[in-house]
Amino acid sequence: MAVTAPSTTRTVVEELLRRIGEGDPERIAELYAERGDWKLDWPEAEHGRTATPWIRHRTTRADAAAHYRELAEHHVPGAAATQIERLLVDGPDAVVLGEIRQTARATRRAYRARFALHLTVENGLVTRHHVYEDSLAVARAFAPES
């Protein structure tokens, strides 16, 4: 495994967060390695459900771009915010802690979800993207009315 200096890891992660904020899936995906380890902490049986198709494991740069396109398609534009509380860096690894605020396009329900994002940067590209979030808040926002 290639070792990445903390300053490089921090620089890549900060650039990734900036690009995510800008919302251009292709530019975001440029920062991911051609092949990587992308996982979401969400029940496996629920991966790729119709209401939340972006929630599934991924392995390629093209998958990363698709994730950000699908995420945008299922949320109300301009009704999102992310608060980054901490960015911790240890060699090639970084952990981003914060809260996302989104509004589900299908239900128009707003939600907040705390998250931790574990990234690994090797040779200037993200090779690991593991998300741990309040999946219950997301699921409730997308659930049909009872």
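Looking at the chain, what % of the alpha carbon pairs are farther apart than 27 Å?
Details: 1829 of 10585 pairs.
Tail fraction, whole percent: 17.
Would you pull out the residues with amide H under 5 Å of residue 105's amide H, same chain only if 5 or more places away, H placed 1.01 Å from N?
75, 76
Would you calculate the separation in nanometres between label points at residue 145 and residue 11, each defined as 7 Å from the Cα along the Cα-to-beta-carbon direction?
Once both label points are built, they end up 5.3 nm from each other.
For Cα pairs less than 8 Å apart in space and 6+ apart in sequence, what is the mean separation divided by the residue count of the range 1-141, i.e. the relative contact order in percent?
Values: 274 pairs, mean separation 38.8, N = 141.
This gives 28 percent for the range 1-141.
In whole Hz, what ³J(HN,Hα) sequence does the range 29-44 give by Karplus (6.51, -1.76, 1.60; θ = phi - 60°), x for Gly and Pro?
Karplus-based 3J(HN,Hα) across the range 29-44 equals 4, 4, 8, 9, 5, 3, 10, x, 10, 10, 9, 10, 7, 8, x, 3 Hz.
Quick one: helix 61-73 against the long Cα principal axis of the chain, what's the angle to the nearest 10°, folded into 0 to 90?
That helix lies at roughly 30 degrees to the long axis.
Once label points are set 7 Å from the Cα along Cα→Cβ at both residue 137 and residue 107, what is their separation, rounded to one decimal in nm?
Going from the residue 137 label point to the residue 107 one covers 1.4 nm.
Per residue of the range 113-124, what does 6.51 cos²θ - 1.76 cosθ + 1.60 with θ = phi - 60° give for ³J(HN,Hα)? Whole Hz please, x for Gly and Pro, Karplus curve as stated.
Result, ordered by residue: 9, 6, 8, 10, 10, 9, 10, 10, 10, 10, 6, x Hz.
Going by alpha carbons, how many degrees (0 to 90, nearest 10) lie between the helix axis of 6-22 and the longest principal axis of the chain?
30 degrees
What residues qualify as long-range amide H neighbours of residue 126, i.e. H under 5 Å apart, gap of 5 or more or another chain, H built at 1.01 Å from N?
HN-HN under 5 Å from residue 126: 32, 33.
Bear in mind that the values in this text are calculations on the coordinates, not laboratory data. These numbers come from a predicted model, not from an experiment. Note that we place each Cβ from the backbone using ideal geometry, even for glycine, and neighbour counts take in every protein chain shown.
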